[in-house]
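Inspection log for the structure reproduced underneath, given as structure tokens.
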Amino acid sequence: MKLILTQDVSGLGAPGDVVEVKDGYGRNFLLPRGLATPWTKGGEKQVAQIKRAREVREVRDLDAAQAIKASLEGLKVKVPARAGDTGRLFGAITVSDVVSAVEAAGGPAVDKRKVTIVSPIKTTGSHKVEVRVHPEVLANLTVDVVSA
């Protein structure tokens, strides 16, 4: 099934990309959620329009993304969590915990779908978290997990 993506789909493409996917994935996931539209010859004009708008937005957003990256990397983020005597957490730190801690620390609003925890956070101490601010800009954030 040939589709035109209308939104960013991780692992598949960006808005305006024409992709070939299995029928079930397109029919049951992408189309009902509005992430894609069926490909037609008339859709070629739509693809060109989406790509033009994306290029204009990316150039403008690249400077803003660099500024957001600088503010994220300079931020001290502390996540309180319940831990045992050895420093092992009762559970794990999730992406939602990191996003709320960034906002509590006075950082910019971060979409939780753009945050990647490099390795599972199950102990206290400093841990690395990646935030994809822009397709070309990746911010490395250090999260300090403290015992609450």
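We did not get these values from a lab; they are worked out from the coordinates using the rules stated. Note that this is a predicted model, so its numbers are computed, not measured. Don't worry about glycine lacking a Cβ; one is built from the backbone with ideal geometry, like all the others, and counts go over all protein chains shown.
Here are the numbers:
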quantity: Of Ala109, Gln49, Thr142, farthest towards positive along the dipole that unit charges on Lys, Arg, Asp, Glu beta carbons give the chain; calculated: Gln49
quantity: Percentage relative contact order, the chain, counting C-alpha pairs under 8 Å, at least six apart; calculated: 20 percent
quantity: Label-point gap, in nm, between Asp111 and Ser147 - each point 7 angstrom along Cα→Cβ; calculated: 3.9 nm
quantity: Between helix 43-73 and the chain: long-axis angle, C-alpha atoms, 0 to 90°, nearest 10; calculated: 20 degrees
quantity: For the chain, with +1 on Lys and Arg beta carbons and -1 on Asp and Glu, the positive-most of Gln66, Thr124, Ile4 along the dipole; calculated: Ile4
quantity: Quarter of Cα convex hull surface for the chain, i.e. mean projection, nm²; calculated: 10.4 nm²
quantity: Estimated distance in nm for a label pair at Ser10 and Glu130, the labels positioned 7 Å out from Cα along Cα-to-Cβ; calculated: 1.1 nm
quantity: Gain in span if fully extended, Glu20 to Ala53, counting 0.36 nm per residue against the direct Cα distance; calculated: 9.6 nm
quantity: Asn140 paired with Lys2, simple spin-label distance in nm, labels 7 Å along Cα-to-beta-carbon; calculated: 4.3 nm
quantity: Region 14-56: trypsin sites (Lys or Arg not before Pro) in DSSP coil with no more than 14 other Cβ atoms inside 10 Å; calculated: Lys22, Arg33, Lys41
quantity: Coordinate range along principal axes, alpha carbons of region 2-68, Å, largest first; calculated: 41, 24, 16
